[in-house]
Amino acid sequence: MDDGADLVSTLHKDRRELLDNVRGGTEETTTGVIRLRAMANNGALEYPIIAVNDAMTKHFFDNRYGTGQSTIDGIVRATNILLAGKTFVVAGYGWCGRGLAMRARGMGANVIVTEVDPLAALEAVMDGFRVMPMEEAAPIGDIFCTLTGDINVIDQHHFDRMKDGAIVSNSGHFNVEVNIPSLESMAVEKRKPREFIEQYILPDGRSLNLLGEGRLINLAAAEGHPASVMDMSFANQALSLEYLFKHAEELENMVYTIPEDIDREIARMKLEEMGVEIDTLTEEQETYLASWEEGT
Ligand SMILES: NC(=O)c1ccc[n+]([C@@H]2O[C@H](COP(=O)([O-])OP(=O)(O)OC[C@H]3O[C@@H](n4cnc5c(N)ncnc54)[C@H](O)[C@@H]3O)[C@@H](O)[C@H]2O)c1
């Protein structure tokens, strides 16, 4: 079971003698899945992987509601800032970004979204958010958070334009989304006003506040996702391993999505645990929905 493809990469690079005994593996997060797909495309992957992140019962919920809530929690615990009325810039409108944007709006912030993908950007616009390049958002944002899996999403030319007192954070996979080395090199002084704040004083007197050293702020300053959303992610992990154990011989050294019936079964169990009942298709409805002749 991997999270970020670290185990896979160690096994493939440094402990190759162990590979023979591995039947398959699972991967938890978006960034890991991207890396593993690249490995599979290069023919470098030595065993099948199930991309737990691609399960609907994972990214619809863990990435969106888990990251959305816990990122707000991390930012608030680190700063004790009042979100109401602040301009909150969310970089990346993927599953995590959607969750954070939704929750920040719920707390009364004016949310701006930055994106590179036209579809995601369009969705953000139609969800009612302001969308603009980071270059334009930089001078108006009070709080920034990156959730892209990409590097240097907030860079020197953005720091150059930020307001005095701006807060910069990351909740994507790693501490490379914010260009910290450039912030370090720009600063004439560094202070530590609170436990999770590194305050950089720039030559013109502005101070920029980096949270949690640019690491995932929901893990650095808060407690990560609540258990009641991780239960679905871990159910995906466990059931993926069972599936791999039973089907490893039929699978190639590729990245697979969890079978949809397992995904739906996890949703069914979660609803049951929450005490929520839903309707069941009648025989008549099943026939109607399966028939092309009755579609008029
Ligand atoms: N903090 C956590 O606990 C947590 C939980 C789950 C996932 N993650 C990580 O968060 C990151 C995002 O995950 P996701 O599931 O939302 O991924 P996603 O692929 O659904 O979304 C990422 C979005 O970022 C956009 N993007 C890429 N480069 C950009 C740039 N330079 N500027 C603006 N937007 C850019 C992409 O177009 C995409 O829409 C990943 O690195 C993932 O591993 C963190």
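Throughout, read-outs are computed from the coordinates displayed, never taken from laboratory work. Treat the numbers as computed from the prediction; the structure is a model and nothing was measured. Cβ coordinates were reconstructed from backbone atoms using ideal geometry, including for glycine residues, and neighbour counts include every protein chain displayed.
Taking R0 as 51 Å, what's the FRET efficiency between E135 and Q285 from their Cβ-Cβ distance, rounded to 0.05?
After rounding, the FRET efficiency stands at 0.45.
Which FRET efficiency, nearest 0.05, do K163 and K13 yield, Cβ-Cβ r, R0 45 Å?
0.55
Give the long-range amide H neighbours of F196: residues separated by 5 or more places, or on another chain, with amide H under 5 Å away, using H modelled in the peptide plane at 1.01 Å from N.
none
Tell me which residues come under 5 Å, amide H to amide H, from D2 once H is placed; ignore anything under 5 positions away on its chain.
T26, E27, E28
Thinking of region 236-278 as a set of Cα atoms, what percent of all their pairs are more than 15 Å apart?
Value for region 236-278: 49 percent of Cα pairs lie more than 15 Å apart.
As a test of the definition: which semi-axes, in Å, follow for region 96-252 when you take the square root of five times each eigenvalue of its alpha carbon gyration tensor? Largest first, please.
Values for region 96-252, descending: 33, 20, 15 Å.
Rounded to two decimals, what ratio of Rg to Rh does the chain give with C-alpha atoms and a Kirkwood Rh?
My calculation puts Rg/Rh at 1.04.
Could you list which residues have their amide H under 5 Å from that of L45, counting only those 5 or more apart in sequence or on another chain, with H placed in the peptide plane?
Residues meeting the amide H criterion: A40.
Among A44, F60, L219, whose Cα lies farthest out toward the positive end of the dipole of the chain, if unit charges sit on the beta carbon of Lys, Arg (+1) and Asp, Glu (-1)?
L219
Quick one: what are the phi-derived ³J(HN,Hα) couplings along region 147-152, Karplus 6.51/-1.76/1.60 with θ = phi - 60°, whole Hz, x for glycine and proline?
9, 10, x, 9, 9, 6
How high is the relative contact order of region 136-204? Use alpha-carbon pairs under 8 Å, at least six apart in sequence, and give a whole percent.
30
Based on the Cα atoms of region 68-171, what semi-axes does the equivalent ellipsoid have, where each is the square root of 5 times one gyration tensor eigenvalue, given in whole Å with the largest first?
Those come to 18, 17, 13 Å.
About its Cα centre, what dipole magnitude does the chain give when the only charges are +1 on Lys and Arg Cβ and -1 on Asp and Glu Cβ, stated in debye to the nearest 20?
1660
Provide the per-residue ³J(HN,Hα) series for region 157-173, in order, calculated from phi with Karplus coefficients 6.51, -1.76, 1.60 and θ = phi - 60°, each as a whole number of Hz, with x at glycine and proline positions.
5, 7, 4, 4, 9, 6, 6, 4, x, 4, 10, 10, 9, 9, 9, x, 6
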